[in-house]
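Trainee: Mind looking over this structure? Questions follow.
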Amino acid sequence: MKEVKKLVYLHGALCEALRLFPPVPIERKQAVKADTLPSGHRVNGNTMLLFSLYAMGRCEEIWGKDCLEFKPERWISERGEIVYAPAYKFIAFNAGPRICLGKDLAFLQMKMVAAAILRKYCFIVEEGHIATPTHSIFLLMKNGLKGRIMKREV
């Protein structure tokens, strides 16, 4: 576990992947009673709100001009440490009282699996293949991800 915590760039790459391709691309919330959002917008009771995590991950207002770029470096500080974004900005694990309790464990598991696989194999995406999302509750790729897995030479 100590070794996995040192994998800062991998952590950044995972955050970027989750920012651009959240597993649940659309969230639904419903107000139990009238409330005012942090933005100042009023919400009536029983109002259903739908918001697109997929779109939010590509929003220039939230992520800046390079929002469409895959940049693991945006999650790494000048000192080489992990930069944590507020949960309402990086919402792949939900936020507030509904935040995923297993977020840290999920990152640990993703890093361990990725490190174990990437240590022995490399994955090359088929040239010209475009990963197109499907319309679904969960973000899936239409036609999968075409590529080759090759054993690394040690």
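The numbers here are math on the coordinates, done by the rules we state, and not lab data. All of these numbers come straight from a predicted model, not from anything done at the bench. We place every Cβ from the backbone using ideal geometry, glycine too, and count neighbours over all the protein chains shown.
Trainee: Hey, in the GNM for the chain with a 10 angstrom Cα cutoff, which one of Thr134, Thr36, Thr47 fluctuates hardest?
Mentor: Thr36
Trainee: Where the only charges are on Cβ atoms (+1 Lys, Arg; -1 Asp, Glu), what is the dipole of the chain about its Cα centre, to the nearest 20 debye? Let's see the in-between values first.
Mentor: Values: 24 positive and 15 negative charges, 93 e Å.
Dipole about the Cα centre, nearest 20: 440 debye.
Trainee: Name the trypsin sites (Lys or Arg not before Pro) in segment 71-120 that are in a loop by DSSP and that have at most 16 other C-beta atoms within 10 Å, would you? Let's see the in-between values first.
Mentor: Working: sites: Arg74, Arg79, Lys89, Arg98, Lys103, Lys111, Arg119, Lys120; in loops: Arg79, Lys89.
Those satisfying the criteria are Arg79, Lys89.
Trainee: Net charge near Trp63: determine it from the other residues with C-beta under 12 Å of the C-beta of Trp63, scoring Lys and Arg +1 and Asp and Glu -1. Write down the numbers at each step before the final one.
Mentor: Details: positive: Arg19, Arg58, Lys65, Lys71, Arg74, Lys89; negative: Glu16, Glu60, Glu61, Asp66, Glu69.
Summing Lys/Arg as +1 and Asp/Glu as -1 gives +1.
Trainee: Charges at C-beta only: +1 for Lys and Arg, -1 for Asp and Glu. How large is the resulting dipole of segment 1-56 about its Cα centre, in Debye rounded to 20? Don't skip to the answer; put the middle values down first.
Mentor: Values: 8 positive and 4 negative charges, 29 e Å.
It works out to roughly 140 debye.
Trainee: In terms of Cα to Cα distance under 14 Å, which aspartates and glutamates are near enough to Lys111, apart from those fewer than 8 places away along the same chain?
Mentor: Glu3, Glu16
Trainee: Also: Which whole-Hz couplings ³J(HN,Hα) result when phi for each residue of segment 104-120 is put into the Karplus expression 6.51 cos²θ - 1.76 cosθ + 1.60, θ = phi - 60°, listed in order with x for Gly and Pro?
Mentor: Computed from phi, the couplings for segment 104-120 are 5, 5, 4, 5, 4, 5, 4, 5, 5, 5, 4, 5, 5, 6, 5, 5, 10 Hz.
Trainee: Scaled to the compact-protein estimate 2.2 N^0.38 Å, what is the alpha-carbon radius of gyration of segment 1-146, rounded to two decimal places?
Mentor: 1.19
Trainee: A further question follows. With r defined as the distance between the Cβ atoms of Leu50 and Lys151 and R0 fixed at 41 Å, what FRET efficiency is calculated, to the nearest 0.05?
Mentor: Values: r = 45 Å, r/R0 = 1.09.
According to the calculation, E is roughly 0.40.
Trainee: Here's something else I'd like to know. Please give the residues of segment 71-115, grouped as numeric ranges, whose backbone N is less than 17 Å from a label point set 7 Å along the Cα-to-Cβ vector of Val8.
Mentor: Those under the cut-off are 71-85.
Trainee: Lysine pairs, Cα distance under 24 Å, 8 or more residues apart or cross-chain: how many in segment 1-96? Let's see the in-between values first.
Mentor: On the way: Lys5/Lys71; Lys5/Lys89; Lys6/Lys71; Lys29/Lys89; Lys65/Lys89; Lys71/Lys89.
Lysine pairs meeting the criterion: 6.
Trainee: Something else about it: Tell me, Ser136, Ser39 in order of fewest to most beta-carbon neighbours within 10 Å?
Mentor: Numbers: Ser136 11, Ser39 5.
Fewest-to-most Cβ neighbours within 10 Å comes out as Ser39, Ser136.
Trainee: Right, next: Report, in degrees rounded to the nearest 10, the 0 to 90 angle that the Cα long axis of helix 8-20 makes with the longest principal axis of the chain.
Mentor: 50 degrees
Trainee: Sticking with this structure for a sec: Mind listing the phi-derived Karplus ³J(HN,Hα) values for segment 54-62, rounded to whole Hz, using 6.51, -1.76 and 1.60 with θ = phi - 60°, and x for any glycine or proline?
Mentor: Per residue, the Karplus-derived 3J(HN,Hα) values read 4, 5, 4, x, 10, 8, 4, 4, 8 Hz.
Trainee: In addition: Straight-line reach from Lys151: which aspartates and glutamates fall under 18 Å, measuring Cα to Cα and dropping same-chain residues less than 8 apart?
Mentor: Lys151 reaches Glu126.
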